[in-house]
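Working notes for the structure below.
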Amino acid sequence: MTRPAHVKVLLAKLGLDGHDRGLKVIARAMRDAGFEVVYMGMRVTADQVAQTALQEDVDVVGISILSGAHMRLIPRLTDSLKARQISDDILLLVGGTIPEDDVEDLHNLGVQGVFPVGSFTSTMTKFIIDNISRGRSSPKA
Amino acid sequence: MAEKTNKPTKRSLSGLEVKPVYTPDDLADTDFARDLGQPGEFPFTRGPYPNMYLGRLWTRRQIAGFGTAQATNERYRFLLEHGQTGISTDFDHPTLTGYDSDHELAEGEVGRLGVAIDSVRDMEDLFLDIPLDKVSVSLTINHPAIVLMGMFLSVSEKRGVDWKSLRGTVQNDSLKEFHGQKTFALGPSPSLKLTTDIVEFCTNHVPNWYTISISGYHTRESGSDAIQELAFTIAQGMAYVESALERGLPIDSFAPRLSFFFGCHNDVFEEVAKFRAARRMWARIMKDRYKAQKHESMRLRFHTQTLGSTLMRQDPQNNIARGTLQALAAVLGGTQSLHVSGFDEAFDIPSEEAMRMSLATQLILSHESGVTNTVDPMAGSYFIESMTNDIEEAAWEYISKIEAFGEGLYPLKSGMLQAIDTGYIELEIARSAYEYQLKIESGDQVVVGLNQYQSASNQKLELFEFDPEEEEWQKGRLAEIRGRRSPADVKSALSSLKQAALDDKNLMPSVLKAVGALVTEGEILDTMRDVYGEHVDPGVF
């Protein structure tokens, strides 16, 4: 697959979790990889993320959660994306303190990529390039 | 001058140059009497006490808190029955950020990473049957510290415990919240005001309480290097001192009740140097700059927590070795108390098994390693003393920059507020965090099991089991307490709090009145957010 000309990534943390080191590292890495980064940062709700994803017409939503609340908050997000009929257009990635047992559950919820703490940013950018369903160079019909 | 070789220069984890061999020439400018002194004597480089661990071992203080106040109380009583002498409370995210358990943003986080506290009733449950005049309590809370401290004082008063007999600590380090931990509620300036309210109130009414635990640990977990951790922590401390001086408090009235909290990474010698430099810097700052006269105001004492961010998911047992190295460095650096992070923390909050291993690590260091047999065993090493000088010098560069941001009689106070407002500190840390990550990804920094020496084993750990029912229980209890209160009392308590804030008075008396009327933490913080404005993360990276 050729590299899409323009990739727009939304990055956010749901809930009150303040551990934003990883998200900021990822934001820099994605910027350096040539992606456009919409950095929503911390303390946002699932609904705010979905609304911003819609308005900003992003290709990727990356959520970082280190509070252990992912199994409560990610279903809220997938519902919010579905309600706006954009879940099929968006590559959804989740990273953070995710126990092994939850990885499959997250996949079943519609999360395409799960990146536990320690994951390389290069793995994430490659995953995005390999899996993105549409680039701005080839808009969906 | 070192001879030129083709080999690249070795560097410490924070980028300080490390030479192949050190000699007395490296310490030509070091005067041992002036720069080290004796342990327990100015400038306290060698430790705050003359006999250090020969007098008393460091305190093994493992932090704990989860679920409801009742569940955590049971854990505390268990720990006390098994020889622990102090309690260290971990609050959940809603409590840390000043929201009640039924707030929209609190979903899924109530009682998750710490204990949930909404009202003084929860605080009563948390310390049920725990003798508050005998057990030292550490309240790990920052922007809402005045509320939790108020609840704690209220519980003590109700039980007839004299505030003068209370011993403990409140973290109350509001400024680090903007670059480390990030459980802020208010902006830099109002949160510094609240920190100073606690210092002032406790100096006058709770004299044996440690009023601020000036923290570098969270800054380090956010990705700073050791130099930045040291510099920003000392600068925070100076900002607090200047804020209290500005209130008119005499330096020796409050300075002895300030303590410090650092993280500890894997680079053993750099960490030892960092701790020794911190003591020397603080002693000289307090004596020369702020004219302290009491030794207790000059000697820096600190708690250490080994860094969760160094712990890997790959081969999690390897983390026990990392924790041991970091704990060793903390002890060689002269820590007063220690928490060794659980080896399973890359997966979840630590299991009981992991906490048992952490305590065992501490016990083995105490009783088997022999490192406690003499005071400051690293002193006089050409390398360690050079490194101590180097890290101090590098830290001063940052502190001078922060001071240059400021102005007037209290340049560190205004400089620190400015350095936070402009995003300077956060961006410096973000840069370090990113550079470190790139070194790991390129293999320049080896992390065993992650980017080299990967093993095929995929052992499953028994992780902490969280009970999701507790969130609903806590919300039910909160609703019940709200229903039981006198609405007139609540209204009057909140309006006098608001007036005190508008009049720029010390808020502790109004907070005490409010918690007594069962006003919740979230309601009190909402009132403060109403007056001071809510802080929104600037989102810089």
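The values are calculated or read from the model by the stated rules, or taken from the named source; none is laboratory data. Since the structure is predicted, the reported quantities are computational estimates derived from the model, not experimental observations. Cβ placement follows ideal geometry from the backbone for every residue including glycine, while neighbour counts extend to all protein chains displayed. Side chains included, ligands, DNA and RNA excluded: accessible areas come from the protein's heavy atoms. Shrake-Rupley method; radii C 1.70, N 1.55, O 1.52, S 1.80 Å.
Let me check I have the definition right: for chain A, take the eigenvalues of the Cα gyration tensor, multiply each by 5, take square roots. What are those semi-axes in whole Å, largest first?
Semi-axes, largest first: 21, 17, 14 Å.
FRET efficiency for residue B:435 and residue B:363, Cβ-Cβ distance as r, R0 = 41 Å, nearest 0.05?
After rounding to 0.05, the efficiency reads 0.65.
If you roll a 1.4 angstrom probe over the protein chains with everything in place, what fraction of the accessible area of segment B:33-442 belongs to carbon and sulfur, to the nearest %?
Heavy-atom surface of segment B:33-442 belonging to carbon and sulfur, 1.4 Å probe: 51 percent.
Mind computing the radius of gyration and Dmax over the alpha-carbon atoms of chain B? Å is fine for both.
In order Rg, Dmax, the Cα atoms of chain B give 23.0, 79 Å.
Report, in deg cm²/dmol and to the nearest 500, the calculated mean residue ellipticity at 222 nm for chain B, where each DSSP H run with n ≥ 4 adds -39500 (n - 2.57) and the sum is divided by the residue count.
-14500 deg cm²/dmol
Just to confirm, what accessible area per residue do you get for chain A at 1.4 Å probe, in whole Å²?
41 Å²
Under 5 Å between amide H atoms, partner at least 5 residues away or on a different chain: which partners does residue A:38 have, H built in plane at 1.01 Å?
Here A:9, A:10, A:11 satisfy the definition.
Please compute the per residue accessible area over segment B:464-534 with all protein chains in place, 1.4 Å probe, rounded to a whole number of Å².
For segment B:464-534, the per-residue accessible area is 50 Å².
Count the DSSP beta bridges whose two residues both fall in the protein assembly as shown, then state the antiparallel fraction as a percent rounded to the nearest 5.
Close to 5 percent.
What's the local net charge at residue B:406, with K and R +1, D and E -1, over the other residues with C-beta under 13 Å away?
-3
Which percentage, to the nearest 5, of the DSSP beta bridges contained in chain B is antiparallel?
About 5 percent, rounded to the nearest 5.
Report which residues of segment B:309-357 become buried by 20 Å² or more of accessible surface when going from the isolated chain to the complete set of protein chains (1.4 Å probe; DNA, RNA and ligands ignored).
Checking the loss per residue gives B:313, B:346, B:347.
Could I have the simple spin-label model distance between residue B:284 and residue A:57, label points 7 Å from Cα toward Cβ, reported in nm to one decimal?
Each label point is offset 7 Å from its Cα along the Cβ direction, giving 5.9 nm.
Just to check I understand the Karplus step: with θ = phi - 60° and J = 6.51 cos²θ - 1.76 cosθ + 1.60, what whole-Hz values come out for segment A:71-77, glycine and proline as x?
6, 8, 8, 5, x, 4, 5
Which whole-Hz ³J(HN,Hα) couplings does segment B:221-236 yield from phi under the Karplus relation 6.51 cos²θ - 1.76 cosθ + 1.60, θ = phi - 60°, glycine and proline marked x?
4, 6, x, 5, 8, 5, 5, 5, 4, 4, 5, 5, 5, 5, 5, 4
State, to one decimal in nm, how far the label point of residue B:481 lies from the label point of residue B:74, with both points 7 Å from Cα in the Cβ direction.
It is 2.0 nm.
Just need the relative contact order of segment B:33-442 here, percent rounded to a whole number, with Cα pairs under 8 Å and 6+ apart.
17 percent
What ³J(HN,Hα) values, in whole Hz, does the Karplus curve 6.51 cos²θ - 1.76 cosθ + 1.60 give for segment B:17-26 when θ = phi - 60°, with x put for Gly and Pro?
So the Karplus estimates, Gly and Pro as x, are 5, 10, 7, x, 9, 10, 9, x, 4, 5 Hz.
Identify all aspartates and glutamates with a Cα-Cα distance to residue B:475 below 16 Å; exclude those on the same chain that are fewer than 8 residues away in sequence.
In chain and number order, the partners are B:92, B:100, B:102, B:104, B:107, B:109, B:118, B:122, B:125, B:467, B:521, B:523.
For the ranges B:386-392, B:68-74, what's the packing order if you count other beta-carbon atoms within 10 Å of each residue, average per peptide, and put the highest first?
B:386-392, B:68-74
Sorted by packing (mean other beta-carbon atoms within 10 Å per residue), highest first, where do B:177-185, B:91-99, B:22-30, A:115-123 land?
Ranked by mean Cβ neighbours within 10 Å, highest first: B:91-99, B:177-185, A:115-123, B:22-30.
For segment B:116-259, I need the span (max minus min coordinate) of the C-alpha atoms along each principal axis, in Å, sorted largest to smallest.
That gives 44, 35, 25 Å along the principal axes, largest extent first.
Not counting ligands, DNA or RNA, and with a 1.4 Å probe, what is residue B:424's accessible surface area in Å² rounded to the nearest 10?
40 Å²
Considering protein heavy atoms only and a 1.4 Å probe radius, which residues within segment B:158-187 exhibit an accessible-area decrease of no less than 10 Å² in the full assembly relative to the chain by itself?
Hits at the 10 Å² cut-off: B:181, B:182, B:184.
Roughly how much accessible area, to the nearest 100 Å², goes out of reach of solvent when A and B pair up, both sides summed, probe 1.4 Å?
3600 Å²
Using a cut-off of 25 Å between alpha-carbon atoms, which lysines can reach residue B:287, once sequence neighbours fewer than 8 places away in the same chain are excluded?
Hits, sequence-local ones excluded: B:176, B:193, B:274, B:401, B:413.
Taking amide H positions as placed 1.01 Å from N in the peptide plane, with prolines and chain starts having none, which residues 5 or more places from residue B:87, or on another chain, fall under 5 Å of its amide H?
Excluding prolines and chain starts, which carry no amide H, the hits are B:136, B:137, B:138.
Summarise the accessible area of segment A:8-131 (1.4 Å probe, protein heavy atoms) by the percent that is carbon and sulfur.
46 percent
Using Cα positions and a limit of under 22 Å, work out the lysines in reach of residue B:158, with same-chain residues fewer than 8 apart set aside.
Partners found: B:134, B:513.
Can you give the accessible area per residue of segment B:323-460, in Å², using a 1.4 Å probe?
Averaged over the residues of segment B:323-460, the accessible area is 44 Å².
Counting only C-alpha contacts under 8 Å and six or more residues apart, can you give the relative contact order of segment A:31-141 as a whole percent?
Result for segment A:31-141 is 26 percent.
In segment B:101-132, what residues drop by 50 Å² or more of accessible area when the other protein chains are put back, versus the chain on its own? Use 1.4 Å, and skip ligands and nucleic acids.
Those residues are B:105, B:107, B:109.
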